Structures are given as structure tokens and as C-alpha cells.
Amino acid sequence: MTFGGPATPQDSQPQYRPPQTGQHQPGQGHGERQVYASALAQPTAYTPPAPVVVDPGPALPALPVPAKKGRTVSIWLFGILGFVLVVLIGYFVWALGAVASGIGLVIALLPLAIVFFGVYIIDRWEPEPKPLIAFAIAWGAIAAIGITLLVDLGITMMLGLRPEVLSTVIQAPIIEEIAKGLGIFIIFLIGRRAFDGPIDGIVYGALIGGGFAFTENIQYFAISLIEGGGSQLTATFVMRGLLSPFAHAMFTALTGFAMGLAARRHASRSAVLGAGGIGVIGAMLLHGFWNGSAMFANFLALYVTLQVPLFIGFILAIVALRREEARVTRERLGEYAAAGWFTPEEVTMLATPAGRKVGMQWASTLRGDRRSLMKQFIRDATALAAVRQRAITGRDPLAADDERALLTRTGATRAALLAY
């Protein structure tokens, strides 16, 4: 495969111009030159690499990687979270005791694992950067909890003890959802190049909510053990760990969805913050309704008749968003196929769930079992489609550099897959 000519100022602009009738297409005669987003996207006839005899499981050479700027987290932010974590550990040991806190922590790992598995399923199409995933979890488990405790302490010092209804149905939803939503907005600011749309917002929101629920569960489980022993702990675990592990994740995912929707439309920071505010209001209402259902109504009856349908609706909405994400991936990769970088069959394999499954099965039959190479091919091609989407909106100044790196990577991975 050959690369295009040197980049020109026009080529470097991250804007895609669709083919015009009569312009040069791959495999046709020379006509009026078609303008692409970069020199690497210029037409080039695809020719499979010549067969090369290699050892089983050919390894890829050192390849360029997309820029990390806008996709990672400053070590200083993790340092601040680490300091807050030490304070929280001291608070839990002081207030609940080391033994009860430790038991609560171990038990709280199960609902956390359930949430993580659900988020993994959602995020499989285009996985988010690991540093941002770690930050989202840490923000929910540490920062959002710390903010909630500080605000609650301040209100208690000013107003004294409040009625349970006020603190559970009104205060908790407002403070907690604002604290968690703030984490999503920070991820948008520091990880703008990885915050592409609603699915990304849902992923970050669910991770923050899951992290928050994890630390909160430690407290609830420890208190239940201290006050009521094993029977009360079991009841609390069933209620919070088995019947509602996704509650906080769903609430905060609504805020993330709103911010992600604005981000996809290339909204400004203030517009994304405003959209997040609308999402936070929705999250507060859901959170308050959830807490109120345990106090004013038959929880199990309301859980079956309303909460379960809401959860099913949440799943169906995610399925619809995933299909839209796959459609965009296929459309963007189709533009590269028109330029000769992929074959139509490869686009189908890379941009559809069924095609990916078939591709993985085929790779497993190759000498040395090359499924790892196929995973890399799929991952880089999906990232390439996301880069193209950001280039179309003009919101990623590093899109051309990422495109160059990812086209190089996909070309090398394809060659390794087809070698024998």
C-alpha cells in the first residue's frame, strides 16, 4: 500500500468533502482532483500485500500511536484524589471501625463488579481511554463522596439535624447528583478528544455512579452489621447489592447522556454545562423518586411495576445508541473505502457486530491464532472512524495526525493478518 503525496495547507484542514460527480475515483482515469481531509486519505488502489513466509503469529513492528493529548489525566489530579482517599479511609475507620469498614468494603465489591460488567458491555464498541476510566471511577468513589460528606456536614452545622424525608428525598439527590455530574464535566474538559457522544457520556456517568455507590455501600453495609448483625447486613445487601446495583449508575448516566449529546454537536463548554444541568435535574428527579419509593410506598410493588420497566427502557435506549454508533462507524469507514484504504468487505467486517464475530472466527483459524491481531485491526479502525467524525465537525486539531497514525497501524495490522 502506498501513501499519498505531501500534505498541503488545504489537505491539513480537518474537514471532509464528499466526492463530486466527475472527480477522480480510485481505479479511474485522471480528472479533476478530489479534496480529502488529509494527504493520507487521497485515492489509492488497494492491493493486498504480497505473501510473506513468517513464523506463526507474526508480531507487529513498532507503530505510531494517536496523540494522548485530550485523552489522558494529569497525575496531579490523581494525586489530589489520593489525598482525599486517605482522609476518607481515616473517617471510615474512625466512624465505623476498621473491621466493619473492611467487611463492608469486601461485600461492596460484588455490586461494583456487576456495574463494571454492564459498562464493559456498553463500552465494547469503542473503548474509552483507561486513564479517563480510572479517573471516572475514582471521582465517584472518592471526590463525589467527599463533596457530599462536606456539604452534609456544613448543612448539619448550620441547621442541625433534619427530618429523614428532607435529607433522603431532597438533599441527597441534589447534592450527590451535582457532585457526580461535576466529574463528568471535568472529564469533558480534560478528555475532550475522547468524549465523542452520548454513549461516552453514559459510560463515564455510569462509572462515576458505580464508584459513588461502591463507597456509599461500604458505609451502609458497615452500619447494618454494627446495628443489626448478619441478618440486617444480608437484607441491606439484597436491597442495594442485588436489587439495585445500577441505581446510581443510571441516575448519573442521564447527566452523561445530556453532556454527550451536546458534545457530539460540537457545543461550547458553556452549552455542554447547560445540557449537563438539564441532565442533572432529570437525575435528581429519578434519584429522589427512588429514595422516596422506599419510604412512602410498597417498595417491592413499585420496584416491579415501575423501576424494572425504567431499567428495561434504559437498556433499550443504550441498544439504540449502540446501533447509531455502529452506523456512524460504517459510514466513516466507507469514506476511506471510497478512497481505496479498505475494501467494502473489510468495512462490513469492521463496522458490524456480525462482521466482527466472523472476522474473529476467521482470525482464529489462521496460523498461530491471530485473533489478537484482528482485535487490534478492529480497535484501530473504529478509532479511525471516530477521528473522521471529529474531523467532520472541525473540533479536533489533532485529527490529521491521528488519522496518519491509525492508517499506518491498520495497514500494518492487515499485512500481518494476511501474511503466512
Just give me the residues in region 318-332 being in contact (Cβ under 8 Å) with a residue 60 or more places away in the chain and of a type outside the set (Lys, Arg), in sequence order.
Ile318, Leu321, Glu325, Ala326, Val328, Thr329
Members of region 274-288 found to be buried (at least 16 other Cβ atoms within 10 Å of the Cβ) and farther than 12 Å from Gly181 by Cα, listed by number:
Leu286, His287, Gly288
Any chance region 161-183 includes a residue that's part of a helix (DSSP H, G or I), of a type in the set (Lys, Arg), in the same structural domain as Pro127 (by TED's automatic domain parsing) and touching a helix residue (DSSP H, G or I) at 6+ places or on another chain (Cβ under 6 Å)?
yes
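Just to be sure before I move on: is Gln23 more than 23 Å from Ile218 (Cβ to Cβ), in contact with an Asp or Glu (Cβ under 7 Å, 6 or more places away or on another chain), at pLDDT below 95 and surrounded by fewer than 18 Cβ atoms within 10 Å (Cβ to Cβ) in the structure I sent?
Working: more than 23 Å from Ile218 (Cβ to Cβ): yes; in contact with an Asp or Glu (Cβ under 7 Å, 6 or more places away or on another chain): yes; at pLDDT below 95: yes; surrounded by fewer than 18 Cβ atoms within 10 Å (Cβ to Cβ): yes.
So Gln23 passes the test.
Does at least one position in region 147-163 carry a residue that is surrounded by 16 or more Cβ atoms within 10 Å (Cβ to Cβ) and among the small types (Gly, Ala, Ser)?
First, pick out the residues of region 147-163 that are surrounded by 16 or more Cβ atoms within 10 Å (Cβ to Cβ): 147-149, 151-152.
Next, only the ones that are among the small types (Gly, Ala, Ser) stay: none.
Taking every residue of region 147-163 in turn, none turns out to be surrounded by 16 or more Cβ atoms within 10 Å (Cβ to Cβ) and among the small types (Gly, Ala, Ser).
Take Phe289 and tell me if it is in the same structural domain as Asp200 (by TED's automatic domain parsing), in contact (Cβ under 8 Å) with a residue 24 or more places away in the chain and aromatic (Phe, Trp, Tyr). Walk me through how you get there before you give the answer.
On the way: in the same structural domain as Asp200 (by TED's automatic domain parsing): yes; in contact (Cβ under 8 Å) with a residue 24 or more places away in the chain: no; aromatic (Phe, Trp, Tyr): yes.
So Phe289 fails the test.
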Qualifying positions in region 107-130 - exposed (fewer than 14 other Cβ atoms within 10 Å of the Cβ) and within 10 Å of the chain's Cα centre (by Cα)
Tyr120, Arg124, Lys130
Would you check if there is a residue in region 332-342 being within 18 Å of Asp200 (Cβ to Cβ) and assigned to a helix (DSSP H, G or I)?
yes
Filter region 347-361 down to the residues that are in contact (Cβ under 8 Å) with a residue 24 or more places away in the chain, in a helix (DSSP H, G or I) and surrounded by fewer than 22 Cβ atoms within 10 Å (Cβ to Cβ) and list them by number.
Pro353
Evaluate region 213-221: report whether one residue or more is under 13 Å from the mean Cα position of the chain (by Cα), in a helix (DSSP H, G or I) and of a type outside the set (D, E, K, R).
no
Checking the conditions here, which among Thr410, Thr365 is among the β-branched types (Val, Ile, Thr), modelled with pLDDT of 90 or more and under 23 Å from the mean Cα position of the chain (by Cα)?
Thr410
Checking Ser364 against (1) more than 30 Å from Ala206 (Cβ to Cβ); (2) touching a residue at least 24 places away in the same chain (Cβ under 8 Å); (3) part of a helix (DSSP H, G or I), which test does it fail?
(2)
Looking at (1) modelled with pLDDT under 90; (2) loosely packed, with under 13 Cβ neighbours inside 10 Å, which is the one condition that is false for Phe311?
(2)
Region 80-106, subset farther than 17 Å from Gly228 by Cα and among the β-branched types (Val, Ile, Thr), residue farthest from the chain's Cα centre (by Cα):
Val93
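The values are calculated or read from the model by the stated rules, or taken from the named source; none is laboratory data. This structure is a prediction, so every number in the text was calculated from the model and none was measured. Neighbour counts run over all protein chains shown; Cβ positions are idealised from the backbone, glycine included.
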